[in-house]
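Engineer: Quick one: the structure is below, and I'll ask about it shortly.
The values are calculated or read from the model by the stated rules, or taken from the named source; none is laboratory data. Quantities reported herein were computed from a predicted structural model and do not represent experimental measurements. In this analysis, Cβ positions are derived from the backbone assuming ideal geometry, glycine residues included, and neighbour counts consider all displayed protein chains.
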Amino acid sequence: MDFFTYVGSQLDQLVFYGQQHFLLVLFAVGIAAAISLAAGTLLHTNRLTPDSWKRPVRAGSMEGLLIVSSAALTIPSLALFGLLQPVLGLGATPSLTALTIYAIYPVLRNVVAGLSSVDDAVLESARGMGMSPLRRMLTIQLPLAWPVILSGIRVAVLIIIGVAVVAGAINGPGFGSSLILGLARLGSVNSFNQVLAATLGCLVVAAVYEIVFWIVQRFTTPRGIRV
Amino acid sequence: MSDSGKPMIALEGISKTYPKSTAPAVQELNLEVPAGTISMFIGPSGCGKTTSLKMMNRLIEPTTGRIVLDGADVTEVNADELRRKIGYVIQQVGLFPHFTIGDNIAVVPRILGWDKNRISARVDELLHLVGMEPKDYRHRYPRQLSGGQQQRVGVARGLAADPSVMLMDEPFGAIDPITRERIQDEFLELQRQIAKTICFVTHDLSEAVKLGDRIAVFGPGGTLQQYDTPDNVLTHPANEFVAEFVGSGAAVRRLSLLELSRLELQTVGLDGTGDRNGSPTYEADAEGRPVRWAYLPGTEVMPKLVTVPHSGTVYDAVDLMLDSQTELVGVVDDQQKLQGALWWKDLVEGLKTKGQV
């Protein structure tokens with residue numbers, strides 16, 4: 001059976017895997033983005049650390065959180081899925097948990113970088129006009145940091161599309177299980193087609209996300225700072 | 001100069017010592033800015049002029065002392081609410097790049113909860129005031145404007161909620177010299193209309209002399225050395241430090257304070273209408289505008305007739321003399337009629353202002 005005949009015969013299954021993969025990435029990055037935005041803004045405004053702490057300690061604790069989240073990214077993905085298995089079992093829940101942990105760093109890093117990149121003169125004039133800290137964050141800092149934050153989310157999505165394949169090892173949703181099965185029986189009937197279809201499936205999911213991001217970026221970047 | 005008015009904003013015994021620093025940045029500062037006047041803060045870098053300005057709207061909290069705004073102690077009130085009552089303009093402008101010009105100007109009125117129509121009318125009024133056509137500019141973004149235009153919007157934004165006090169931190173410092181000159185003139189014209197109480201930090205003595213009703217000279221350790229009219233600072237420096245700071249150019253700078261309309265000028269006559277004894281005469285064209293000198297006592301070769309408007313200063317007249325290499329300039333009124341003449345030797349022999357004997 002050639003590749004196209006194989007894809008034709010498995011189309012329903014592949015579309016289903018594709019939807020699962022897309023949603024798994026969506027939820028993982030979505031949750032990670034929510035956590036990162038909250039933590040990043042709080043870190044940036046020094047709201048996570050008590051006022052009594054000395055300045056270097058507060059700055060250190062901000063770096064600390066970034067280091068922890070970046071360390072999480074270096075844990076081998078297969079190992080993390082395995083380590084979560086005794087606690088969370090198999091399937092969607094541990095997959096989503098692990099992927100969320102991986103997605104936090106790229107987003108958090110960009111939230112912090114984006115907020116730091118806002119021009120000091122803009123912030124000073126905002127303060128000088130009597131804008132409260134909350135108003136400054138919502139109307140000035142976050143909108144100006146948004147393009148940088150969005151690119152962090154985009155990077156996270158691309159990373160997670162790849163890592164999500166490993167979720168197949170613990171029966172997670174998406175192309176993973178199909179790909180791992182195909183690799184395991186490489187050499188037997190249609191195994192190569194199965195691997196190729198799952199790989200291309202991931203690329204299609206990535207392409208769909210790229211289109212989504214292009215649209216989101218177009219409509220959420222404030223006009224005055226659109227390049 | 002209405003220096004007699006009661007202070008609109010005053011600092012009373014203000015000091016600021018930064019954490020981890022033993023020497024105070026500002027020491028025991030007492031400063032009263034009379035309502036409707038411009039006070040220029042000047043001094044070498046690190047002398048506390050910007051710190052003093054920023055303590056007025058509490059962007060920097062003073063260590064000790066009181067801030068009094070229009071008779072009320074505002075040292076302890078909510079800082080954000082205080083700042084909404086005080087206009088603030090900085091050198092880098094700091095317009096919000098993602099807001100249109102109109103939205104930038106409307107920031108404080110929106111926070112104060114003005115209704116839409118009032119805000120819209122106010123934005124138009126302010127854009128007119130700073131010489132920008134509302135329908136051309138209110139929907140543009142800051143990056144589409146030149147530096148000078150951005151600073152005009154910055155000033156308009158500071159004025160938005162009609163604050164009684166404006167704080168300006170080197171607002172024209174980053175603008176090229178030619179545009180700066182023009183924007184300073186516009187600013188003085190604007191102040192004539194709005195009569196705000198303005199505190200203005202500058203490092204440019206010429207700017208301080210040109211714009212200020214009063215000049216506050218800051219010295220080392222954040223101490224106020226002298227707070228007086230530009231004329232007095234230049235002619236009667238309070239101490240060695242001020243004398244050295246205003247420097248050897250003080251006498252020349254003073255020329256730019258003296259308007260020609262205030263001077264007793266050499267009288268001149270239209271040639272052929274009287275005798276030629278004593279005062280110079282000139283020939284005029286059909287509209288009565290002076291064309292050339294006809295007779296100058298004791299001179300055979302007539303110099304070129306150059307004129308300067310009487311709204312100009314002695315500085316402008318001297319500039320013209322040097323530029324055109326003549327010893328005298330004609331002073332003309334708004335209708336281009338010759339009012340009198342100013343000689344080079346008058347400068348050295350002492351200028352007479354009207355009313356003096």
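Engineer: Out of the range B:77-100, which residues are assigned to a loop (DSSP other than H, G, I, E, B), at the interface with chain A (Cβ under 7 Å from one of its Cβ atoms) and of a type in the set (D, E, K, R)?
Structural biologist: Across the range B:77-100, the qualifying residue is only B:Arg84.
Engineer: When the residues of the range B:55-64 are narrowed to those that are surrounded by 17 or more Cβ atoms within 10 Å (Cβ to Cβ) and on the phi < 0 side of the Ramachandran plot, which ends up farthest from the other protein chains (Cβ to nearest Cβ)?
Structural biologist: Across the range B:55-64, the extreme among qualifying residues is B:Pro62.
Engineer: Scanning the range B:194-216 for residues that are in a helix (DSSP H, G or I) and within 11 Å of the chain's Cα centre (by Cα), which turns out surrounded by the fewest Cβ atoms within 10 Å (Cβ to Cβ)?
Structural biologist: B:Ser206
Engineer: Please pick out the residue among A:Ser116, A:Ser95 that is more than 14 Å from chain B (Cβ to nearest Cβ), within 16 Å of the chain's Cα centre (by Cα) and among the hydroxyl-bearing types (Ser, Thr, Tyr).
Structural biologist: The unique qualifying residue is A:Ser95.
Engineer: Please go through the range B:307-319 and give me each residue that is assigned to a loop (DSSP other than H, G, I, E, B) and surrounded by fewer than 17 Cβ atoms within 10 Å (Cβ to Cβ), ordered by number.
Structural biologist: Correct list: B:Ser311 only.
Engineer: Further question: Which of the residues belonging to the range B:259-285 are in a loop (DSSP other than H, G, I, E, B) and either among the acidic types (Asp, Glu) or surrounded by fewer than 17 Cβ atoms within 10 Å (Cβ to Cβ) (or both)?
Structural biologist: B:Glu264, B:Thr267, B:Asp271, B:Gly272, B:Thr273, B:Gly274, B:Asp275, B:Arg276, B:Asn277, B:Gly278, B:Ser279, B:Asp285
Engineer: While we're looking at this one, here's another question. Please go through (1) part of a strand (DSSP E or B); (2) within 14 Å of another protein chain (Cβ to nearest Cβ); (3) not basic (Lys, Arg) for B:Glu32 and return the number of the only condition it doesn't satisfy.
Structural biologist: Going through the list (1) part of a strand (DSSP E or B); (2) within 14 Å of another protein chain (Cβ to nearest Cβ); (3) not basic (Lys, Arg), B:Glu32 breaks only (2).
Engineer: Yes or no: B:Ile67 more than 8 Å from chain A (Cβ to nearest Cβ), surrounded by fewer than 20 Cβ atoms within 10 Å (Cβ to Cβ), of a type in the set (A, V, I, L, M, F, W, C) and not in a helix (DSSP H, G or I)? Steps first, answer last, please.
Structural biologist: Details: more than 8 Å from chain A (Cβ to nearest Cβ): yes; surrounded by fewer than 20 Cβ atoms within 10 Å (Cβ to Cβ): no; of a type in the set (A, V, I, L, M, F, W, C): yes; not in a helix (DSSP H, G or I): yes.
No: the conditions fail for B:Ile67.
Engineer: Do any helices (runs of 4 or more DSSP H) entirely within the range A:118-197 hold 2 or more residues that are of a type in the set (Gly, Ala, Ser) and surrounded by fewer than 20 Cβ atoms within 10 Å (Cβ to Cβ), and if so, which?
Structural biologist: A:142-163, A:176-184
Engineer: Could you please tell me which pairs satisfy a Cβ distance under 7 Å, a separation of 6+ or placement on different chains, a first residue in the range B:114-139 that is touching a residue at least 60 places away in the same chain (Cβ under 8 Å), and a second residue that is in a helix (DSSP H, G or I) and surrounded by 11 or more Cβ atoms within 10 Å (Cβ to Cβ)?
Structural biologist: Close Cβ pairs satisfying both conditions: B:Leu129/B:Ala156; B:Leu129/B:Leu190; B:Val130/B:Arg152; B:Val130/B:Val155; B:Val130/B:Ala156.
Engineer: Also, I was wondering about something else. Given the condition of a type outside the set (D, E, K, R) and at pLDDT 85 or above, answer yes or no: does some residue in the range A:50-68 qualify?
Structural biologist: yes
Engineer: Let me ask another. Among (1) free of Cβ contacts under 8 Å to residues at least 40 places away in the same chain; (2) more than 22 Å from B:Pro163 (Cβ to Cβ), there is one condition B:Leu59 misses while meeting the rest; what is its number?
Structural biologist: (2)
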